[in-house]
Each structure stands twice: as structure tokens, then as C-alpha cells.
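S.K.: One structure coming up, written as C-alpha cells, with questions to follow.
Nothing in this text is a laboratory measurement; each read-out follows from the coordinates by a stated rule. Note that this is a predicted model, so its numbers are computed, not measured. Cβ: placed from backbone, ideal geometry, glycine included. Neighbour counts: every protein chain shown.
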Amino acid sequence: MSKSLSSRDRLAVEESLGYAFKRQKLLEEALTHSSYANEVDAAPSNERLEYLGDAVLELCVSEILFKENPDYSEGELTLARTSVVSEPPLASIALEIGIPRVLRIGKGLNRQDGRSNPSILADALEATLGAVFLDGGYEAALKVVRGLMTVPGECKQDARLNPKSRLQERVQAEGEIPPVYRTVSKTGPDHATSYEVEVSLPGGKILARGKGPSIKAAEFAAAESALAALDDIEAAR
């Protein structure tokens, strides 16, 4: 028999989302990885909700970007959306709102540190957004996305001023696949945590590292360092 989320865990997730579920089973399903569902009968996995949440997320972000940036071209809108809905930032958000602690995963995967797997975390976040959509409708999902992604503030910037966007645009212009961000370390007490992030190309070539008080800030610092390193390489040619 599957174990339900505790009231404490449920309230913690709802507080992070800014949304209270009417149907608690939807939230539990969103936080249930297939490895757990395979071990426990009558525990549906979050795969179907992840499929729905992926579409909901793209629509919400697209609407926000479209309305907040009337001067953006289609290419700039697409680039800005990619910087928000790709796996690394989604996994970072999932980590920041505490999904690893409440995620239900199988014993084997848990021993393999599955709670820190970026793909699993990103999927769980998308599944949670799918659950919000089913429970409260599109407007509820849109509100949660606005709160979690801080999209409006970022969209008011020119996408070219976002170091992650500029780095992605640059490496893609050179025929490379978009860079990947990985959290290398987390140090310090809870009230003064410092993160170190590494940015690399999918083939394994490390571009740079960056530090910051949040994962997002560390990713931005890493992207800035990578851009500076690429500038130095070009200047030396």
C-alpha cells in the first residue's frame, strides 16, 4: 500500500506553489516517480501528469512572454521561453521549493541519489503543474507559473541581456547544442547558502563555473564567465 504525503509535507509544497489543492490525490500522483509506483501497487506514477504539465508550462510561459514583450521577435520569444522551460532551470526550481524531500521514489533509485537527478526533478515539477491545471484550471496554473518562474521580471529585460540566453545563442550560432548547467556544490548554513554551478557543452567540455547565493544566480555567474572565456579565445585568434 502506498504511503500518503504527510500534512506537513503537503502544506509545505502548497505554500511553495502558492496554491492549495482541492484534490490531494493529484498532488500525491505528481510527486510519485515510476520507480515508486512499480514497487507499490495502487500508486500511479507522475508520467501522465508530466506529459500534461509540459504542455501547460509551455503555454503559460508563452502567454506571459507574448504579453510582457510586445517588441520581441518570434526568435527572441522562442529563445526566452527555452531559457525558462529547459531541464536545468526547472530542476533548480524543483530543488528550491523542496520537491526532492517529498518526492516518492523507489528504494533502489533513492540509494542511487535519484532525488538529485535533474531530469527526475524537472519532470516532477512539470507533473505538479499538470496537477494544478487539473485541480484548478488554466488560470490557477498560470498564477503558479508566474510565481515560480519569476517570468515577468525576467521578460522585462531584453533576452540578450540575460547571460544564459546570450551564451545559448552564441554556442548555437557556432553549431553547438545548448549548454548544460550542473550544481557542483552547496556550502554554508541555510540562511547564507552559497552554490557553485558548472556550465558545459553536452559533449563534456566544461566552459566555466560560477558562484551565487541561489542556483539561478550561480548559473548566471557561470554563463557570464563562459562568455568572457569565449571572448578571450576569440581575441587570441
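S.K.: Can you tell me which aspartates and glutamates have their Cα less than 15 Å from the Cα of Lys205? Leave out same-chain residues fewer than eight positions away.
M.R.: Straight-line reach from Lys205, under 15 Å: Glu174, Glu176.
S.K.: Still on this structure, please answer the following. Leaving out same-chain residues fewer than 8 places away, which lysines sit with a Cα under 16 Å from that of Lys186?
M.R.: Lys211, Lys216
S.K.: Given contacts defined as C-alpha pairs under 8 Å and at least six residues apart, what's the relative contact order of region 7-157, whole-number percent?
M.R.: Reported relative contact order: 37 percent.
S.K.: Using only Cα atoms, find the angle between the long axis of helix 7-17 and the longest principal axis of the chain, and express it within 0 to 90 degrees, rounded to the nearest 10.
M.R.: 30 degrees
S.K.: Still on this model: Starting from the amide H of Ala208, placed 1.01 Å from N in the peptide plane, find each other amide H under 5 Å away whose residue is 5 or more places distant or on another chain.
M.R.: Residues meeting the amide H criterion: Val199.
S.K.: While we're looking at this one, here's another question. Once each part is reduced to its C-alpha centroid, what is the distance from region 88-127 to region 1-31 in angstrom?
M.R.: What the calculation gives is 15 Å, centre to centre.
S.K.: Measure nothing but the geometry: give the 0 to 90° angle between the long axis through the Cα atoms of 138-149 and the longest principal axis through the Cα atoms of the chain, rounded to 10°.
M.R.: 50 degrees
S.K.: At a 10 Å Cβ-Cβ cut-off, how would you order Val184, Val85, Val132, Val56, fewest neighbours first?
M.R.: Val184, Val85, Val56, Val132
S.K.: Within a 10 angstrom radius of the beta carbon, how do Phe66, Phe220 rank from fewest other beta carbons to most?
M.R.: Exposure proxy ranking, most exposed first: Phe66, Phe220.
S.K.: Calculate, in nm to one decimal, what Glu174 and Arg111 gain on full extension: separation in residues at 0.36 nm each, minus their alpha carbon distance.
M.R.: 18.7 nm
S.K.: Taking a ≥ b ≥ c as the square roots of the eigenvalues of the Cα gyration tensor of region 13-62, is the shape rounded (a/c under 1.5), prolate (a/b larger than b/c) or oblate?
M.R.: Oblate.
S.K.: I'd like the distance between the alpha-carbon centres of region 39-71 and region 204-237, rounded to an integer number of Å.
M.R.: A separation of 29 Å, based on Cα centres.
S.K.: While we're here: Gaussian network model of the chain, Cα springs within a sub-10 Å range: biggest mean-square fluctuation belongs to which of Pro118, Pro163, Pro70?
M.R.: Judging by the Gaussian network model, the answer is Pro70.
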